[in-house]
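Participant: Take a look at this one; I'll ask things after.
The values are calculated or read from the model by the stated rules, or taken from the named source; none is laboratory data. From a predicted model like this one, the values you see are computed outputs, not experimental measurements. Positions of Cβ are backbone-derived with ideal geometry, glycine not excepted, and every protein chain shown enters the neighbour counts. The accessibility values were calculated without ligands, DNA or RNA, using every heavy atom of the protein model including side chains. Shrake-Rupley method; radii C 1.70, N 1.55, O 1.52, S 1.80 Å.
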Amino acid sequence: MTDTDFRVSTTSPSQWGRVLSIEVPRAQYAAARAAVSRDLQKRVVRPGFRKGHVPAGLVERDFALKIEETTLEKFIPSVADKAIEREGLDVISQPRVRNLSLDDPEVVKFEVLLDVRPQIELRPLDGLKGTRWTASLTDEHLARALGELQDQQAQFGDVDRAAQDGDYVVVAYVPLDDAGVERLDQRVENYPFQLGSGGVVAEFEQVARGRKVGESGRTEVHYPESNENPDLAGKTVAFQVTVQAVKEKRVPAADDDLARDLGMEDFATLQAHIRQDLERRVKEESERDLRESLIEDLLATNPFDAPESMVEQYLEAVRADWEERRKRMHLPAPEAAEREQFLQEARPAAARFVKRGLLLDKLGQEHGIQVSEEDVDKWIEEKVLAGGSGSADVRAYFADARRRRRLRSELTEERSFDFLKSKARIEEVSRSVPAPGAEGQ
């Protein structure tokens, strides 16, 4: 097939979306179909005929659908690739075919949907603006951080009382059949969770709350139609749940013993460490917010749409991560409506993430911002020479190709923002909200 064997016209339904309307002479499709039929004829075996000698009419009669499907699988992508090449498109998405028509005796018609690589024209950076905030640490910040550190070091001890929120409970559970008989082959022992944390299905929390060791209760769990286990999808299953242990949280005192347990000399040293850690966190979050304020200004002065295929790809990764976290928490698989709501709420952030990356890529291209492999090696060696805990493992950690690529990307982004800060007018503001790190250690 030559480049003149088909006609193609391109429309742009969105900034980066393209639709290729393609018409191919029917004779070309017929020739491709005949080639598929001949190839199949060589391999077909039928009683009374040697392999490769079955009449073409019999092959067509018995395998017409397979011949049609195989022809389309080969013919359509081949024509689409040639159309993309003819139109000179830099494609960033998997082309999708729609509106295939084989009804016209003269031509085969179909459309190809795809996204092309965005062509962004950055405006001058003369008016770029950003905001850097500062926040003074108070005794309240330090007290909250210390309290959360104590909470992390808490121990759980067995108690002889009814379970309440905040306790860790250990349960055994077993599903019941329709007659209420325990399915002992599916019994699970020593299953731990914290009451009130939302880490398991609400029904398990409800049945354990208020019960002592040895006490049991019956509950029912409804599984949505979307559940990945076909034996559970759309069903309501009864469980017998038995409390095996109730463990109360015991928070250590804020004293020298706590400091020594954390490898420090005394409580005053621990307090100084907490302050330094909070100051570091404040600085890091202030820097993150400054960077995002610069991105907001860039997006405002360089408006463009994010390619839908890139947004969908990012959303798919976010959805998979969300569902994996739910699975680890032993929560039921989300129903279709819940999944759709999650994706709708995540879409604006996904579009912004894509546009952010494209802007930074364009910035690097226009201003020669790049990080070489030598730069990466230098960064790694500096970390090794700086010493400290785990420094001996730095080389081994970044020997992994994916981690090395991620590090290179992070270093490139850091240089990009250093460049942007050198061009921007940065406003300094004070911030009265709780400092970063005060909400959690």
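Participant: Residue separation times 0.36 nm, minus the C-alpha to C-alpha distance between A162 and D139: what's the value?
Facilitator: 4.6 nm
Participant: At 0.36 nm per residue, minus the direct Cα-Cα distance, what do A64 and E87 gain on full extension? Give it in nm, one decimal, please.
Facilitator: Stretched fully, the A64-E87 segment lengthens by 4.9 nm.
Participant: Could you work out how far apart the two model spin labels at E338 and R405 are, taking each label as a point 7 Å from the Cα in the direction of the beta carbon, and quote it in nm?
Facilitator: Taking the two extended label points, one gets 3.4 nm.
Participant: Which listed residue (A162, V181, I426) has the Cα farthest towards the positive end of the charge dipole for the chain, taking +1 on Lys and Arg C-beta and -1 on Asp and Glu C-beta about the Cα centre?
Facilitator: Among A162, V181, I426, the one farthest towards the positive end of the dipole of the chain is V181.
Participant: OK, next. Which of K283/K423; K66/K109; K247/K327; K247/K283 have a Cα-Cα distance over 32 Å?
Facilitator: Details: K283/K423 21 Å; K66/K109 20 Å; K247/K327 24 Å; K247/K283 38 Å.
Over 32 Å apart, Cα to Cα: K247/K283.
Participant: Given H placed on each backbone N at 1.01 Å, which residues far from E215 in sequence or on other chains put an amide H within less than 5 Å of it?
Facilitator: V243
Participant: On to the next question. Using only DSSP helix segments of four residues or longer, with each worth -39500 (n - 2.57), what per-residue ellipticity at 222 nm results for the chain after dividing by its residue count and rounding to 500?
Facilitator: -16000 deg cm²/dmol
Participant: Could you grab the relative contact order for segment 1-100? Cα pairs under 8 Å, six or more apart, rounded to a whole percent.
Facilitator: Computed value for segment 1-100: 22 percent relative contact order.
Participant: A follow-up question, please. Go ahead and run the numbers for FRET between D126 and R183, Cβ-Cβ distance against an R0 of 51 Å, rounding to 0.05.
Facilitator: E(calc), rounded to 0.05, equals 0.10.
Participant: Moving on to the next point. Can you list the aspartates and glutamates whose alpha carbon is less than 14 Å from that of K383, not counting same-chain residues fewer than 8 positions off?
Facilitator: Counting by Cα, and skipping residues close in sequence, K383 has these aspartates and glutamates nearby: D375, D393.
Participant: Based on the Cβ-Cβ distance of K249 and E373, what FRET efficiency does E = 1/(1 + (r/R0)^6) give at R0 = 45 Å, to the nearest 0.05?
Facilitator: 0.35
Participant: For the ranges 411-421, 37-47, what's the packing order if you count other beta-carbon atoms within 10 Å of each residue, average per peptide, and put the highest first?
Facilitator: Final packing ranking: 411-421, 37-47.
Participant: Put +1 on the Cβ of every Lys and Arg and -1 on every Asp and Glu Cβ in segment 65-214; which of V116, P95, A143 then has its Cα farthest towards the positive end of the dipole?
Facilitator: Most positive-ward Cα: A143.
Participant: What number, in percent, do you get for the relative contact order of segment 181-281 if the mean sequence gap of Cα pairs under 8 Å and at least 6 apart is divided by its residue count?
Facilitator: Result for segment 181-281 is 18 percent.
Participant: Return the label of the correct value of log10 I(q)/I(0) by the Debye sum over Cα atoms at q = 0.06, 0.12 Å⁻¹, as calculated from the structure shown, out of (i) -0.52, -1.24; (ii) -0.27, -1.11; (iii) -0.21, -0.95.
Facilitator: Answer label, from the structure shown: (i).
Participant: If the chain between D261 and K327 were fully stretched, how many nm would it gain, using 0.36 nm times the residue separation less the Cα-Cα distance?
Facilitator: Computed gain between D261 and K327 is 20.4 nm.
Participant: Quick check: the distance between the Cα centres of segment 218-289 and segment 294-330, to the nearest angstrom?
Facilitator: 27 Å
Participant: Can you give the relative contact order of the chain as a percent, counting alpha carbon pairs under 8 Å and 6+ residues apart?
Facilitator: Relative contact order, the chain: 18 percent.
Participant: Calculate, for K74 and R425, the FRET efficiency according to 1/(1 + (r/R0)^6) with r their C-beta to C-beta distance and R0 60 Å; round to the nearest 0.05.
Facilitator: Details: r = 58 Å, r/R0 = 0.97.
Efficiency at R0 = 60 Å is approximately 0.55.
Participant: Roughly how many Å² is the accessible area per residue of the chain, as a whole number, for a 1.4 Å probe?
Facilitator: With all protein chains present, the chain gives 59 Å² per residue.
Participant: Compute the helix-to-body angle for 26-43: its Cα long axis versus the longest principal axis of the chain, expressed 0 to 90° and rounded to tens.
Facilitator: 80 degrees
Participant: Any chance you could give the angle, 0 to 90 degrees and rounded to 10, that helix 336-367 forms with the longest Cα principal axis of the chain?
Facilitator: 80 degrees
Participant: Tally the DSSP beta bridges in the chain and give the antiparallel ones as a percent, rounded to 5.
Facilitator: 90 percent
Participant: Using only Cα atoms, find the angle between the long axis of helix 308-328 and the longest principal axis of the chain, and express it within 0 to 90 degrees, rounded to the nearest 10.
Facilitator: Here the helix axis deviates by roughly 50 degrees.
Participant: Could you look at the chain and say what percent of its accessible area is carbon and sulfur, using a 1.4 Å probe and all protein chains?
Facilitator: Numbers: 12460 of 26200 Å².
The C+S portion of the solvent-accessible surface of the chain is 48 percent.
Participant: Going highest first, how would you order 18-28, 57-67 by mean Cβ packing within 10 Å?
Facilitator: 18-28, 57-67
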